[in-house]
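Report on one structure; see the data block that follows.
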Amino acid sequence: MNELLIKIGEQIYLVIISVSVAILIGIPLAVVITRCKKLEKFTLGFIGVLQTIPSLAMLAFFIPLFGIGVVPALIALSIYSLLPIVRNAYIGILNVPSDMIEAANGMGLTSWQRLRLVEIPLAMPTIIAGVRTAAILSVGVATLAAFVGAGGLGDFINRGLAVNDNHLILMGAIPAAILALSLDGLIGAFEKWIKPGASKQGSKKNKLLIFASSFLFVVGLFGWFVISEVKYNSGKVVVVGSKNFSEQYLLADMIAILIKENTDLKVQKKLNLGATSLIHQALVRGDIDLYPEYTGTAYSGILHAKQKKGARQIYYSVKKFYQKKYDLLWLKPLGFENKAALAVTRKSANQYGLRNISDLPKVPRLSIGAPAEFVERPDSYLSLVNTYGLKFDEINQMDPGLAYEALANNKVNVIMAFSTDGRVKKFNLVLLDDNRNGFPAYQAAIVVRNQTLKKYPELNSELNKLSGNISDEDIMELNYETDVLGRSHKDVAREFLLKKGLI
Amino acid sequence: MIELINVSKTYDNGLNYSVRDISLQLADGETFVLIGSSGSGKTTILKMLNRLISPSGGEIYIDGKNIRELDKVKLRRSMGYVFQGVGLFPNMNISENISLIMKLGDAKKKLCRDKSAELLETVNLEPGKYLDRFPCELSGGEQQRVGVARALVNNPKYLLMDEPFGALDAINRDALQEELIRLRDRLNTTIVFVTHDILEAKKLGDQIAVMHSGELMQVGSFDELSTCPSNNFVKRLIESAQQSQL
């Protein structure tokens, strides 16, 4: 419950700050384009185009520029909020009756006085309607902020998808919906309340008071954000990252607990950093200090290497490349391999006699569910095509969590799974044998910034304690505990560390 | 004194005239009526006086000063301006509407309110009842009275009125015309009054300028116009007044 409140708080924070920024930029911009009509088409068109960029794509664009966390999320959200605010303010000001403008001019109001005393007040209902649209919109988009580590209710949704837990998804989605509705109601009430002539002279002071206090509230929120960021960045803090699936949360929790228990360093977790390129950027920039990665993923995704090699050789080429190019260190492998694998239901395995990947062409209509990366990465799709001569009739890009459901519901007949996944056991799936080594080795290991190790030498021995200590069986069991039995990652991680005598 | 010398206003890059080569002299204290049908250029002339429209040619002098050289805002604040649309601001109450210009000139709140009350009395509205009301709570006639009060807030020497009573019913129009006459006599304001109603022109105007298609047909008192109309247009206009009065 406590966590829910924090996430709701983060969500509200994201929405309020981004909409406030959009108001501060949007309304002056609208005023400018009402005064200079030549700019109108261009400006509205440009903002409209920005709006059409898919939110995830926009967030991804910002990672190299602004890193991960709240900043890129706020920038993206502000951009999304801009269009309804600018458009409504523009229309509102333009629709101020010409009588009012003539009266204001005829009386000798300056252009600025006319704007401040006549045009803005009369356009206010339209402007607020725009703010209302923007706020509701950004509650929705803000759930995606979790993707870049900005927190918010999207964390639940992301996690729910990762561990295939509908309750978690709803725990993010329902408060987000309630939040959107309450904001809608709140701004609607505000709109009625400031309506011209709705209240008399006496309450003017009250109005001013409310305006001032809400302004202070926003400033306060912003200040709180800056202070907490600075605090985090100034202390002895190690930032542990993870990708957006269950095993990664588990490893991140293990690392975090290990550091917290055995050193006096503070730990901040930035989980849910989706795609490899994203979390890699974050590590290179120093937004995070370390995260667990898989050799095969780095080999193809970062090194863009295609040559087939054995597990050891892949580890060493990745290690060498990272050291030289990024000043990042690959620690010794943790001990298990999370290989990509193709999984089918037991029923179709029996029906078509499937044991190896090379048996797959026996299936009449091959439809695969796989993460977006599958198609992009040469070690996945292309490798399968080249090694096994496979042809898929349909490729469905989906989140790893959804793929299992899709397979169980016969929406697809093969999925890309991971060899350590507890859900393979849960759904009683058959992992097809990679009999021709179509997938490269995927040894798990911690990647860490050399700078961080230099700064906190005590980290070195702690992190190395995990090396070689987690076997294939261990990880499959741990994944089963969390994903299928629904236990918390923290508990499972702590239990494991205790069992191994590491804390 | 207001003086217009060969004033023209063209549009479509000088191809067409909305007013052409107008020269006029308006003496202090008189009510000067510009009459004509729509499109005759009467409103254009009025709006050039407070620089809402700038002339394409010719010069306008007010009290000997070329208005091109005067600050627009100061010029407008020194003249009252009333128009058919009234244009009271719905987000301000009556007192705030009337005293807006004073307030912008940093007058104290109390002073603004007192002046508003005084002006409401001038236009025959009971201050206690109206000061705190909002425009939407007033009838059309009441609104236009407030519009006149607002125009008088800076004790202007000149009052520009653009068909101010055009949208009112006959009873209210008559009443407001009577009040305007009393007001003028009391405050000694110079009024430039635009109308298309020859009866209104006759009732209010010391001088009447007849406009047609952007050109000035004739200037004179109603009697002068009726005794020797300069052309058929003026003659017909005067006749229409005499007929409707029968």
Scan the range A:348-368 and tell me whether some residue there is surrounded by 20 or more Cβ atoms within 10 Å (Cβ to Cβ), in contact (Cβ under 8 Å) with a residue 24 or more places away in the chain and in a helix (DSSP H, G or I).
yes
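Rundown of residues vs (1) within 26 Å of the chain's Cα centre (by Cα); (2) at pLDDT 90 or above; (3) surrounded by 19 or more Cβ atoms within 10 Å (Cβ to Cβ), yes/no style:
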site	(1), (2), (3)
A:Glu458	no, yes, no
A:Ile475	yes, yes, yes
A:Val484	yes, no, no
A:His489	yes, yes, yes
A:Ala493	yes, yes, yes
A:Phe496	no, yes, yes
A:Lys499	no, yes, no
Counting only residues that are among the charged types (D, E, K, R) and surrounded by 16 or more Cβ atoms within 10 Å (Cβ to Cβ), which one in the range B:73-96 is farthest from the other protein chains (Cβ to nearest Cβ)?
B:Glu96
How many of the residues in the range A:396-419 are touching a helix residue (DSSP H, G or I) at 6+ places or on another chain (Cβ under 7 Å), crowded, with 17+ Cβ neighbours inside 10 Å and free of Cβ contacts under 8 Å to residues at least 60 places away in the same chain?
2
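Scan A:Ser182, A:Ser214, A:Ser199 and give me the residue that is at pLDDT 85 or above, surrounded by fewer than 17 Cβ atoms within 10 Å (Cβ to Cβ), in the same structural domain as A:Arg132 (by TED's automatic domain parsing) and more than 30 Å from A:Ile288 (Cβ to Cβ).
Details: A:Ser214 fails: at pLDDT 85 or above; A:Ser199 fails: at pLDDT 85 or above.
Within the list A:Ser182, A:Ser214, A:Ser199, the selection yields A:Ser182.
How many residues does the range A:110-128 hold that are within 9 Å of chain B (Cβ to nearest Cβ) and either of a type in the set (D, E, K, R) or over 10 Å from B:Asn91 (Cβ atoms) (or both)?
Quick first cut of the range A:110-128, residues within 9 Å of chain B (Cβ to nearest Cβ) only: A:110, A:113, A:117-118, A:121-122, A:124.
Right, trim to either of a type in the set (D, E, K, R) or over 10 Å from B:Asn91 (Cβ atoms) (or both) and you get A:110, A:113.
Total meeting the criteria: 2.
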Looking only at residues in the range B:55-72 that are within 13 Å of chain A (Cβ to nearest Cβ) and part of a loop (DSSP other than H, G, I, E, B), which one is nearest to B:Glu3 (Cα to Cα)?
B:Leu70
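Looking at the structure I just gave you, is A:Lys411 part of a loop (DSSP other than H, G, I, E, B), of a type in the set (Lys, Arg) and closer than 21 Å to A:Asp165 by Cβ?
yes
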For B:Asp223, work out the one condition from (1) within 17 Å of B:Val33 (Cβ to Cβ); (2) surrounded by 14 or more Cβ atoms within 10 Å (Cβ to Cβ); (3) without any contact (Cβ under 8 Å) to a residue 40 or more places away in the chain it doesn't fulfil.
(2)
Count of residues meeting criterion [in contact (Cβ under 8 Å) with a residue 40 or more places away in the chain, more than 29 Å from B:Thr44 (Cα to Cα) and of a type outside the set (Phe, Trp, Tyr)] in the range B:125-158:
3
Across the range B:159-192, what is the number of residues that are touching a residue at least 60 places away in the same chain (Cβ under 8 Å) and assigned to a helix (DSSP H, G or I)?
2
For A:Asn88, only one of the following conditions fails: (1) within 14 Å of chain B (Cβ to nearest Cβ); (2) part of a helix (DSSP H, G or I). What is its number?
(1)
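Results for (1) polar (S, T, N, Q); (2) in contact (Cβ under 8 Å) with a residue 40 or more places away in the chain, shown as yes or no for each residue.
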position	(1), (2)
B:Gln25	yes, no
B:Leu49	no, yes
B:Leu52	no, no
B:Ile67	no, no
B:Met79	no, yes
B:Val86	no, yes
B:Ile94	no, yes
B:Ile101	no, yes
Any residue at all in the range A:420-427 that is in contact with a Lys or Arg (Cβ under 7 Å, 6 or more places away or on another chain), assigned by TED's automatic domain parsing to the domain that holds A:Asn356, part of a loop (DSSP other than H, G, I, E, B) and surrounded by 14 or more Cβ atoms within 10 Å (Cβ to Cβ)?
no
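The values are calculated or read from the model by the stated rules, or taken from the named source; none is laboratory data. Predicted, not measured: the structure shown is a model, and the values here were computed from it. Cβ atoms come from the backbone with ideal geometry, glycine included; neighbour counts cover every protein chain shown.
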